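All remarks here apply to the structure that follows.
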Amino acid sequence: MTSLVNHPGGLRAAIWLNYIFLLAMMLVIAGILTAAMTLQYGQGELPCPLCLLQRVAMFGVCFGIIQSLRGGFSYQNTGISLLFAMFLLIVSVRQTLLDIYPRPGHEYIGSEVFGIHMPVWSVIIAACILTAYALKLTVLGGSKHLMETEASEFPLISKLASIVGLYVVAIGIINTVSVLVQCGLNQCHTFNYQLLQ
């Protein structure tokens, strides 16, 4: 199977698709994180410690994407995103298995979204991220040309990537501050914001 890069005239399209893929993935993850934080602040649903680790994993995936969009695509940055996607999968599967049989003190935390709780969503999200990267690498291959062309050669993509990247950084900072307010330097809990009492 040959990649799109090896087809005549496909190189520019492959590079453009690579950056569109990264931007779309970051937009989706930013939307997921925004929805989680909206539930937290709008409905008072405090994230549990494992939920917070899942957010860290999603921010980590975005970090690898931001690095590729700012400094040019590299497999090192792809590796960062894939490692955090694996971390997301491990943490979310663990939480799903812990809470799969509801019993006092071990129910799913928070409300359902489309009938599914966040840990199960995180399993689905992690599987989608890993599958998307596998498909991207299958279709676009591993041409050195992908690494030699920066996103700045596509002004619209570059501008959108900067905006979305700054948004992800901003919600990352807000999330960090809220974790410090919720947990301080102690173990996190889901009952109240301890530093506001």
Selection count where residues are of a type in the set (S, T, N, Q) and closer than 27 Å to residue 154 by Cβ, scope segment 52-106: 7
Residue within segment 79-90 that is hydroxyl-bearing (Ser, Thr, Tyr), out of contact with any Pro (no Cβ under 7 Å at 6 or more places or on another chain), assigned to a helix (DSSP H, G or I) and closer than 20 Å to residue 17 by Cα present: yes
Flag if residue 60 is in a helix (DSSP H, G or I), modelled with pLDDT of 80 or more, under 8 Å from the mean Cα position of the chain (by Cα) and of a type in the set (Gly, Ala, Ser): yes
Residue within segment 64-84 that is out of contact with any Lys or Arg (no Cβ under 7 Å at 6 or more places or on another chain), surrounded by 18 or more Cβ atoms within 10 Å (Cβ to Cβ) and more than 21 Å from residue 135 (Cα to Cα) present: no
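The values are calculated or read from the model by the stated rules, or taken from the named source; none is laboratory data. None of these values were measured; they are calculated from a predicted model. Every residue, glycine as well, gets a Cβ built from its backbone with ideal geometry; the counts of neighbours run over all protein chains shown.
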